[in-house]
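Here is the structure we will look at, set down as structure tokens.
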Amino acid sequence: MVFRCQRDSWARQFATRVVSCRAAELRPEGGGEPVRGFQVVLEDTILFPEGGGQPDDRGLIGDVPVLRVTRRGPEAVHFVPAALEPGAEVLLSLDWERRFDHMQQHSGQHLITAIADQMFGFKTTSWELGRQRSIIELDTPSMTAEQIEALERSVNKKIRERVPVTVRELAADDPDIETVRSRGLPDDHVGPVRVIDIEGIDSNMCCGTHVSNLSDLQVIKLLGTEKGKKNRTNLVFLAGNRVLKSLEQSHSTEKALTSLLKNGPGEHVEAVKRLQSSVKLLQKNNLNLLRDIAVLIARDFKSKPAPSQLFVLHRKEGDSEFMNIIANEIGTEETLLFLTVGDDKEAGLFLLAGPVEAVENLGPRVAELLGGKGAGKRGRFQGKATRMSRRGEVEALLREVTSSGSPEA
């Protein structure tokens, strides 16, 4: 069946009748618990069911929102949260902003696919209409920057030439079908075959909704390529209003950077490079200072007339290297060390170092108390902790062990 949305992609409202309504569940696209509702079939619909790489439409049946539209054989099935009476006349209203976006991206894909084939012989093997950007998978291992630039110039030239886009419906046995581009019909296809013609450029089998003239696309921007599967190339693009939205976002970012960096857009990159160099230098100096502090802490402990058998230290700033420097400087043959770094309210790092037998027995218990995981060998057990606030419990355990003289305490 060819639906009203396929015969007239521009229709925004449509009166029809409910054929059937039955209870069902819908699994949300992002996962989660199924939503209870109803599957409604109408005599005809202006809401496109997903297919041909194009997502489904959204809209209203009366005042009831349509949450999903899928194809089941010759029928379009509308999932709604409330029951509708079979036989009732209803008014369909289309979410036009979503639909027109899909029309621009889908017709843009047809145009890019056709021109890429004509110019370079690159065949389209699949495509994806994403929420933010769309991708065309091309049967080529790579594209040069010059090829991308030439392709972008060519497709935008066709848009400016206002080339008509028309829809034909052919019988399944019509010999003209052999002349159109296609990746095959779905197994459950019934009825006439739709062909989308971009005058003088392309004829392609397609079930989706499309613009009626390439000028409706406004503009196409090719964002570049990414490595695809099976030695193919993914060409990333935006069409129509998505280009304008992307430009608006880029302009807002540029204004914000101009304010933060106190220079013009042409100087932003160099300014950020200078900041990165400064940050790297500061980080290096900070690490050197932490190493010096670690050595001083260890020497201070060792300088005491009768060093304790247990050394405990927590510091908000630090890393694994900081803790290991302290352990190396103090020595772990006779002293048990419990070192932690990080914020009490966040995750942190810990190190238990000392006599091998004691560390082997106590390491897993320390990790458990701190809500973390760790591993160790040769008298050192270290890892990540999620409950740094329980350091006091660990210290109490270790003091009990060192005072009793037994690692099994």
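Could you tell me the distance between the Cα centroids of the stretch 278-329 and the stretch 39-61, to the nearest Å? Here the two parts' Cα centres lie 65 Å apart.
Here's the list of lysines a cross-link from Lys273 could span, going by alpha-carbon distance under 20 Å and ignoring same-chain residues fewer than 8 apart: Lys255, Lys262, Lys284.
Restricting the calculation to Cα atoms, the chain yields a radius of gyration followed by a Dmax of 33.0, 101 Å. The solvent-accessible area of Ser303, taken with every protein chain present and a 1.4 Å probe, is close to 80 Å².
Solvent-accessible area per residue in the stretch 252-299 equals 77 Å², computed with a 1.4 angstrom probe and all protein chains kept.
If I build a Gaussian network model for the chain, linking alpha-carbon pairs within less than 10 angstrom, which residue out of Glu97, Glu33, Glu393 has the largest mean-square fluctuation? The residue with the greatest mean-square fluctuation here is Glu393. For the stretch 62-210, pairs of C-alpha atoms spaced more than 25 angstrom apart make up 42 percent of the total. The sum of -39500 (n - 2.57) across all DSSP H runs of n ≥ 4, divided by the residue count of the chain, sets its helix-only mean residue ellipticity at 222 nm to -11500 deg cm²/dmol. Quick one: Cα centre-to-centre distance for the stretch 217-261 and the stretch 342-409, in angstrom? Here the two parts' Cα centres lie 50 Å apart. On a per residue basis, the stretch 141-183 carries 67 Å² of accessible surface, using protein heavy atoms and a 1.4 Å probe. Entry note, the chain: relative contact order of 10 percent, from Cα contacts under 8 Å with a spacing of 6+ residues. Cross-link partners for Lys345 among the lysines, with Cα-Cα distance under 20 Å and sequence neighbours closer than 8 places in the same chain left out: Lys316, Lys373, Lys384. Rolling a 1.4 Å probe across the protein heavy atoms gives the stretch 51-129 an accessible surface of 37 Å² per residue.
With a 1.4 Å probe and all protein chains left in place, how much of the accessible area of the chain comes from carbon and sulfur atoms, in whole percent? Write down the numbers at each step before the final one.
Working: 11180 of 22180 Å².
Looking at the chain in its full context, I get 50 percent from C and S.
The values are calculated or read from the model by the stated rules, or taken from the named source; none is laboratory data. This structure is a prediction, so every number in the text was calculated from the model and none was measured. Accessible surface areas use protein heavy atoms only, side chains included; no ligands, DNA or RNA. Shrake-Rupley method; radii C 1.70, N 1.55, O 1.52, S 1.80 Å.
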